[in-house]
1. Which label belongs to the value computed from this structure, given these candidates for Cα Rg over 2.2 N^0.38 Å: [x] 1.31; [y] 0.99; [z] 1.20?
2. Could you quote the convex hull projected area for the range 13-59, Cα atoms only and averaged over all directions, in nm²?
3. Using a cut-off of 10 Å between beta-carbons, work out the net charge of the residues near Lys9 (Lys and Arg +1, Asp and Glu -1, Lys9 not included).
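Every read-out reported here was derived from the displayed coordinates using simple, explicitly stated rules and does not represent laboratory data. Predicted model, so just to flag it, every value in this text is computed and none were measured. All Cβ positions, even for glycine, are placed from backbone atoms using ideal geometry, and neighbour counts span all protein chains on display.
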Amino acid sequence: MGLMQIPRKIEYALRAMIYLADSRDGVANGDAISAHEQIPKYFLEKLIRDLIRSGLVRSRRGPGGGYQLARPADAISFRDVIEAVEGPIMLNVCLDTTNNCTLRPGCRMYRVWEDGQRALLDVFSQATLKDVAASMPPLGFLKHPTALQTEVEAKP
């Protein structure tokens, strides 16, 4: 059975944005984002350009430069990020008002797609970068499981 799956492009963009939301000084360079989030650098650069163009990220030049969120993390939703890199979210092509589906007037599935679309947009609109970044310890806090085990064993 096939899965309905979020495209890698969206996943990478969200991971990069959460990384920026979680950055202690608010700025991170592309190499750090790429390495920590395991995003190919060339792909990250394309995503960052889309995020800058949409007003979600800005770049800082010079020493200590890099990328930072252009708005507070609580003012950037998953929907904002997804639409910045992919365009409008559409659960099914028939929900696009420019699509002239000849089956729509009597389509028995249309209401289900419409309800699903509404629910999906609601979830993505309510999930903010701040909420997601706050759901885990800050970057650098997590250690490799073997390091934690060694620390536990070393305690008297």
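1. [x]
2. Numbers: hull surface 11.4 nm².
That works out to 2.9 nm², a quarter of the Cα hull's surface.
3. Details: positive: Arg8, Lys46; negative: Glu11, Asp50, Glu86.
Here the charged neighbours net out to -1.
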